[in-house]
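Engineer: The following block contains the structure, expressed as structure tokens.
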Amino acid sequence: MNHELLTIGRISVDIYPNDIGVDLEDVQSFGKYLGGSPSNVAVAAARHGRRTGVITRTGDDAFGTYLHRELHKFGVDDSFVTPVKEWPTAVTFCAIKPATDEFPLYFYGRFPTAPDLQIKAEELDLDAIRNARIFWSTVTGLCQEPSREAHLAAHEARDRDQLKIGQFTVLDLDYRPMFWASEAEAREQIAKILPHVTVAIGNDKECAVAVGEGTPDEQADRLLAAGVEIAVVKLGPEGVMAKTRTERVVSAPVKVETVNGLGAGDSFGGAFCHGLLSGWPLAEVLDFANAAGAIVASRLSCADAMPTPEEVTSLLAERGRLVPAFAGTAAGTSPESVSEGAAS
């Protein structure tokens, strides 16, 4: 398969409560879902009709079997998903308390390590990584060996200067402090990956870990100075900004009633990739991704909640926002938009 999007990194079983608004100790029943940010992004893009795959590892157990089944259900290629006998599949619990905007995560089976942190450089299909139109990785994948070496090898094999028009290399700045000894350690590892990246995405805290404290524009400018071509800084209640060397666009927030704030960023990422692959103007890509994230925030689960392009365009139209051309159907891509996509 020639992947339109190939992601690498975390996968888990998400155990989400069916009881909303209570602490975890008071939950009586749960639902089981596919989780893990890079895997969710692959699912999100697949919902838009994209050919996606994920490079990751599960335990050699029933939960690993479940995750393969879920990837198949969502149309995500699992050819690069293999079991690690020594470690069980990771499980993530959360409490869902939208009234107070609290969605705390509890990671099980990730300490001292997890299967998806056991990806080894020598196991990678570097041709698949080179040929993917978008290659997506996260900062979390850099927190531990051998995953750290594998991520670096993957990026080194995908020379930024050799990418074709319409190819992008994305780093999700996804910083989770429980996986790191310090912010300084994370910043050191991010610095090794940034020279290979064309798109960086993060909120203000994640950008601060990557390139230092500052205003969103200052952080975006530092990412651009590192060679990134599109810097995306999420502004919380003020929306999201994307900046290139010649353009600065802001997408205002798409307000919804939040049910579960988890997963919105992954929906944003999958939709952002869809927009890049479609060759839309940056402002339209940002609006589409912003709306896709809002939809998932209004739903309970993550992977199962990823919207279709019709759902996103319907929300955009309802809010009086610009609907990208060819966005109304899955993988809605005009030949012209692909050939004229921004070089990266």
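Engineer: Residue separation times 0.36 nm, minus the C-alpha to C-alpha distance between Asp217 and Asp125: what's the value? Numbers along the way, then the final one.
Structural biologist: Numbers: separation 92, 0.36 × 92 = 33.12 nm, distance 3.67 nm.
Taking 0.36 nm per residue and subtracting the Cα distance, the gain is 29.4 nm.
Engineer: So for the chain, Kirkwood radius off the Cα pairs, Stokes-Einstein at 37 °C and 0.692 mPa s: how many µm² s⁻¹? Present the calculation step by step, with values, prior to reporting the outcome.
Structural biologist: Values: Rh = 19.8 Å.
Value of D from the Cα-based Kirkwood radius: 166 µm²/s.
Engineer: Which trypsin sites (Lys or Arg not before Pro) does segment 168-274 hold that lie in a coil by DSSP with at most 16 other beta carbons within 10 Å? Write down the numbers at each step before the final one.
Structural biologist: Working: sites: Arg187, Lys192, Lys205, Arg222, Lys234, Lys243, Arg245, Arg248, Lys255; in loops: Arg245, Lys255.
Answer in residue order: Arg245, Lys255.
Engineer: Quick one: compute the contact order of the chain, relative version, from alpha carbon pairs under 8 angstrom and 6+ residues apart, as a percent.
Structural biologist: Working: 794 pairs, mean separation 58.4, N = 344.
Computed over the chain, the figure is 17 percent.
Engineer: Right, next: Can you list the residues, at least 5 places off or on another chain, whose amide H is less than 5 Å from the amide H of Phe30, using H built in the peptide plane?
Structural biologist: Placed amide hydrogens put Asn18 under 5 Å from Phe30.
Engineer: If you roll a 1.4 Å probe over the heavy atoms of the protein chains, what accessible area per residue do you get for the chain, in Å²?
Structural biologist: Details: 13370 Å² over 344 residues.
Ligands and nucleic acids excluded, the figure is 39 Å² per residue.
Engineer: Let's test this: bin the Cα-Cα distances of segment 39-104 at 10 Å from zero up to the farthest pair and state each bin's percent.
Structural biologist: So the P(r) values, bin by bin, are 20, 39, 29, 12, 0.
Engineer: Segment 184-201 to segment 129-166: how many Å between their Cα centroids?
Structural biologist: Answer, in whole Å: 11.
Engineer: Please work out how much length the chain gains when fully extended from Ile20 to Leu235, using 0.36 nm per residue of separation minus the C-alpha to C-alpha distance, in nm with one decimal.
Structural biologist: Numbers: separation 215, 0.36 × 215 = 77.40 nm, distance 2.65 nm.
That pair, Ile20 and Leu235, stretches by 74.7 nm at full extension.
Engineer: Okay, next question. Can you list residues whose amide H is under 5 Å from Val84's amide H, if they're 5+ apart or on another chain and H is modeled 1.01 Å from N?
Structural biologist: So Val84 has HN proximity to Thr58, Gly59, Asp60.
Engineer: If all Cα-Cα distances of segment 1-122 are sorted into 5 Å bins from 0 onward, what percent lands in each bin, rounded to whole numbers?
Structural biologist: 2, 12, 21, 20, 17, 14, 9, 3, 1, 0
Engineer: Can I ask one more? Which whole-Hz ³J(HN,Hα) couplings does segment 288-304 yield from phi under the Karplus relation 6.51 cos²θ - 1.76 cosθ + 1.60, θ = phi - 60°, glycine and proline marked x?
Structural biologist: 4, 5, 4, 5, 5, x, 4, 4, 5, 4, 8, 10, 7, 8, 10, 4, 5
Engineer: How high is the relative contact order of segment 39-147, given as a whole-number percent (alpha carbon pairs under 8 Å, six or more residues apart)? Mind dumping the intermediate values first?
Structural biologist: Values: 146 pairs, mean separation 24.3, N = 109.
Rounded, it is 22 percent for segment 39-147.
Engineer: On to the next question. Between Ile165 and Thr308, what length in nm is gained on full extension when 0.36 nm per residue of separation is reduced by their alpha carbon distance? Spell out each step's value before the answer.
Structural biologist: On the way: separation 143, 0.36 × 143 = 51.48 nm, distance 2.62 nm.
Contour length minus Cα-Cα distance gives 48.9 nm.
Engineer: Compute the FRET efficiency between Asn2 and Gln144 as 1/(1 + (r/R0)^6), taking r as their Cβ-Cβ distance and R0 = 35 Å, and round to the nearest 0.05. Could you put the intermediate results ahead of the total?
Structural biologist: Numbers: r = 31 Å, r/R0 = 0.87.
So, using R0 = 35 Å, E works out to roughly 0.70.
Engineer: With all protein chains present, how much of the accessible area of segment 70-127 (probe radius 1.4 Å) comes from carbon and sulfur, to the nearest whole percent?
Structural biologist: Working: 1620 of 2940 Å².
Of the solvent-accessible surface of segment 70-127, carbon and sulfur hold 55 percent.
Engineer: For n ≥ 4 DSSP H runs only, could you compute -39500 (n - 2.57) per run for the chain, divide by its residues and tell me the 222 nm figure to the nearest 500? If you can, show how the numbers build up before the last one.
Structural biologist: Numbers: 11 runs with 116 residues, N = 344.
Estimated from H runs of four or more residues: -10000 deg cm²/dmol.
Engineer: Label Ser79 and Ala283 with points 7 Å out from Cα along Cα→Cβ: what is the distance between them in nm?
Structural biologist: 4.0 nm
Engineer: For segment 281-320, which whole-number percentage of the solvent-accessible area (1.4 Å probe, protein heavy atoms only) is attributable to carbon and sulfur atoms?
Structural biologist: So the carbon and sulfur contribution to the accessible surface is 50 percent.
Engineer: In whole percent, how big is the carbon plus sulfur part of the accessible area of segment 128-218, probe 1.4 Å, protein atoms only? Write down the numbers at each step before the final one.
Structural biologist: On the way: 1640 of 3410 Å².
Result for segment 128-218: 48 percent of the exposed heavy-atom area is carbon or sulfur.
Engineer: OK, next. Can you order the peptides 258-264, 44-50 by their average number of other Cβ atoms within 10 Å per residue, highest first? Intermediate values should be presented prior to the final figure.
Structural biologist: Numbers: 258-264: 21.0, 44-50: 26.7.
The most tightly packed comes first, giving 44-50, 258-264.
Engineer: Here is a follow-up. Calculated FRET efficiency, His72 and Glu183, Cβ-Cβ r, R0 56 Å, to nearest 0.05? If you can, show how the numbers build up before the last one.
Structural biologist: Details: r = 38 Å, r/R0 = 0.68.
So the FRET efficiency works out to roughly 0.90.
Engineer: Using packing as a proxy for protection, rank 283-296, 144-157 so that the peptide with the highest average count of other Cβ atoms within 10 Å comes first. Don't skip to the answer; put the middle values down first.
Structural biologist: Working: 283-296: 25.4, 144-157: 19.3.
Answer by packing, highest mean first, reads 283-296, 144-157.
Engineer: Something else: Ordered by packing density, taken as the mean number of other Cβ atoms within 10 Å over each peptide's residues, highest first, how do 111-118, 4-11, 162-169 rank?
Structural biologist: Values: 111-118: 20.6, 4-11: 28.6, 162-169: 17.4.
Order by mean packing, descending: 4-11, 111-118, 162-169.
Engineer: Could you list which residues have their amide H under 5 Å from that of Ser12, counting only those 5 or more apart in sequence or on another chain, with H placed in the peptide plane?
Structural biologist: For Ser12, the qualifying residues are Gly35, Gly36.
The values are calculated or read from the model by the stated rules, or taken from the named source; none is laboratory data. Not measured: the values here are computed from a predicted model. Positions of Cβ are generated from backbone atoms using ideal geometry, with glycine treated the same way; all protein chains shown enter the neighbour counts. Heavy atoms of the whole protein, side chains included, go into the accessibility calculation; ligands, DNA and RNA do not. Shrake-Rupley method; radii C 1.70, N 1.55, O 1.52, S 1.80 Å.
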